[in-house]
1. Scan the range 165-176 for residues that are at negative phi and at pLDDT below 95 and jot them down.
2. Kindly state which strands (runs of 3 or more DSSP E) lie completely within the range 57-99 and contain at least 1 residues that are of a type in the set (Phe, Trp, Tyr) and crowded, with 16+ Cβ neighbours inside 10 Å.
3. Evaluate the following for Trp111: is it outside any strand (DSSP E or B) and in contact with a Gly (Cβ under 8 Å, 6 or more places away or on another chain)?
4. Scan the range 143-162 and tell me whether some residue there is under 20 Å from Arg59 (Cβ atoms), of a type in the set (Ser, Thr, Tyr) and out of contact with any His (no Cβ under 9 Å at 6 or more places or on another chain).
5. Only residues that are part of a strand (DSSP E or B), of a type in the set (A, V, I, L, M) and more than 17 Å from Leu30 (Cα to Cα): list them for the range 161-191, please.
6. Take the residues in the range 51-102 that are free of Cβ contacts under 8 Å to residues at least 12 places away in the same chain and over 19 Å from the mean Cα position of the chain (by Cα), then tell me which one is nearest to Leu186 (Cα to Cα).
7. When only residues in the range 114-138 that are free of Cβ contacts under 8 Å to residues at least 60 places away in the same chain and in a loop (DSSP other than H, G, I, E, B) count, which is surrounded by the fewest Cβ atoms within 10 Å (Cβ to Cβ)?
Amino acid sequence: MGLVLGLSGCATLTRPPGVRVDWRARQRVLRRLTQWSANGQFAIRSGGHGGQAFWRWTRDGDHQKLTVLGPFGRVLFVVREHHGADMLQDAHGRTFTATSSERLIYRVTGWRMPAGDLSYWIVGAARPGVPQQHTADRRGRLTRLVQAGWTIRFRSYDRYGSVALPRRLTLAHRGNRPHHAVHLRLVVQRWHLP
């Protein structure tokens, strides 16, 4: 029921063209979106290496599951997060655990992917409690966010029911050395909000 109220609360942010929407009010609504699923594609480039994959992501409160798929739908890895006890299962069935999904993904794939923070950014919200700088449009939607060493650009949004959610994002992290820089392009092909 909380999600329904959260989504209906977003409807109050709909205003006539040209009227500014308060960014903080929109952020409060988006942070209440803790139950969703989405799928899409991403491309990543880091240290002269790169890759492309498809993904499916489900979030239900504190439980998250990110499945990354290669060509022809072959599962490359699955990450499960729950209260800081993160687990990654690779394509060979091996299981790895850590307190950070970002560390797990890096250890197994060599990709630097901020999955924990990305669960906020993918819905267009800044992660609460983490310093940030942002730019928002007149509708209160993020267009640029700098947080946790990453620069996120929100390239486009689509409307899903009463809420506009990101469709295309680009993320960049400079890293400590030039070959540690990471560029990630993310496309959301479909959202499902219960």
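1. Hits for the range 165-176 are His173, Arg174, Asn176.
2. It comes to 75-82, 95-98.
3. Against the criterion (outside any strand (DSSP E or B) and in contact with a Gly (Cβ under 8 Å, 6 or more places away or on another chain)), Trp111 qualifies.
4. Within the range 143-162, one or more residues are under 20 Å from Arg59 (Cβ atoms), of a type in the set (Ser, Thr, Tyr) and out of contact with any His (no Cβ under 9 Å at 6 or more places or on another chain).
5. Leu171, Ala172, Val182, Leu184, Leu186, Val187, listed by residue number.
6. Among those that are free of Cβ contacts under 8 Å to residues at least 12 places away in the same chain and over 19 Å from the mean Cα position of the chain (by Cα), it is Pro71.
7. Per the criteria, the residue is Gly129.
Table: residues versus (1) more than 20 Å from Thr34 (Cβ to Cβ); (2) of a type outside the set (Val, Ile, Thr).
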site: Ile152; (1), (2): no, no
site: Gly161; (1), (2): no, yes
site: Pro166; (1), (2): no, yes
site: Ala181; (1), (2): yes, yes
site: Gln189; (1), (2): yes, yes
site: His192; (1), (2): no, yes
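The values are calculated or read from the model by the stated rules, or taken from the named source; none is laboratory data. Remember, predicted model here, so these are calculated numbers, not experimental data. All Cβ positions, even for glycine, are placed from backbone atoms using ideal geometry, and neighbour counts span all protein chains on display.
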